[in-house]
Structure formats: C-alpha cells, structure tokens
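The values are calculated or read from the model by the stated rules, or taken from the named source; none is laboratory data. For clarity, every value in this text was computed on a predicted model and none was experimentally measured. Note that each Cβ is placed from the backbone with ideal geometry, even for glycine, and that neighbours are counted across all protein chains shown. Surface accessibility is based on the protein's heavy atoms, side chains included, excluding ligands, DNA and RNA. Shrake-Rupley method; radii C 1.70, N 1.55, O 1.52, S 1.80 Å.
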Amino acid sequence: QVMLVESGGGLVQPGESLRLSCTASGVTFSSYHMSWYRQAAGKERELVATIFTGGSTNYGDSVKGRFTISRDNAKNTVYLQMNSLKPEDTAVYFCQGSRAFRTLWGQGTQVTVSS
C-alpha cells in the first residue's frame, strides 16, 4: 500500500524547535522529490521546502535560515527541522512526494506555536 505518514507535530512555544518526519511505504522513495507544505486556517496551502532526488534543496522565503529539509533514502524518510518557531508557523504540515505522472500526499500533522 502506498502511503506517506507524517509525525512529530505538536504544541511548542515561540523560539522553540520541532522536527517533523515523513515516512513512505509502497514506493521507490529515492526516485521521488520530497516536499513539505503547510496550510494555516483560512489560508491556501504553501510550499515550505523541497529536497530533490539529487539532494539539492529549495525553501520558501518565510522559513529560509530557520528550517532545514533532509532525507534518508535508506529509511524512506524525509525530515523537516524547524528552529526559531514563530506563531505564524502554526499550520497543518503536509508531506508530498512527486515524480513524473505521480504525486503523493500525507494526511498532515498539526504544528501549533503559542505561548
């Protein structure tokens, strides 16, 4: 069964850190570009970060310098290390895998940044 499963979300205070994980099953993980998106209440889904199959990365302007995306192909897992979290980072975070003619989505994990 093809699945992307996110974990690691939760409630943190401003300035703290979280690491999200997304584990894939039923696919050849190394052949997928992997991304994290987020969607805040009442807003459109936005791209947070992408890591390509070759290892290069791309970040949204709002998270540059604070978030780091990485992947472990041996574990079929992509990570999002989030540092210096701000209240405006509060959202549901989704994992996405993409390759030619196929896009996969996880179910999302809630991240809440609040004092």
For the pair Lys75 and Lys43, the simple spin-label estimate (label points 7 Å beyond Cα toward Cβ) gives in nm 2.8
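Just subtract the alpha-carbon distance of Val5 and Ser115 from 0.36 nm times their residue separation and send over the number in nm, one decimal. List each step's numbers first, then the result.
Numbers: separation 110, 0.36 × 110 = 39.60 nm, distance 2.78 nm.
Additional length available on full extension: 36.8 nm.
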Cross-link reach from Lys86 to lysines, straight Cα distance under 21 Å and at least 8 residues apart if same chain, gives Lys43, Lys64
For the pair Thr28 and Ser56, the simple spin-label estimate (label points 7 Å beyond Cα toward Cβ) gives in nm 2.2
I'd like the carbon and sulfur percentage of the solvent accessible area for the chain, probe radius 1.4 Å, heavy atoms only, ligands and nucleic acids excluded.
47
Rounded to the nearest 20 debye, dipole of the chain from Cβ charges on Lys, Arg, Asp, Glu:
220
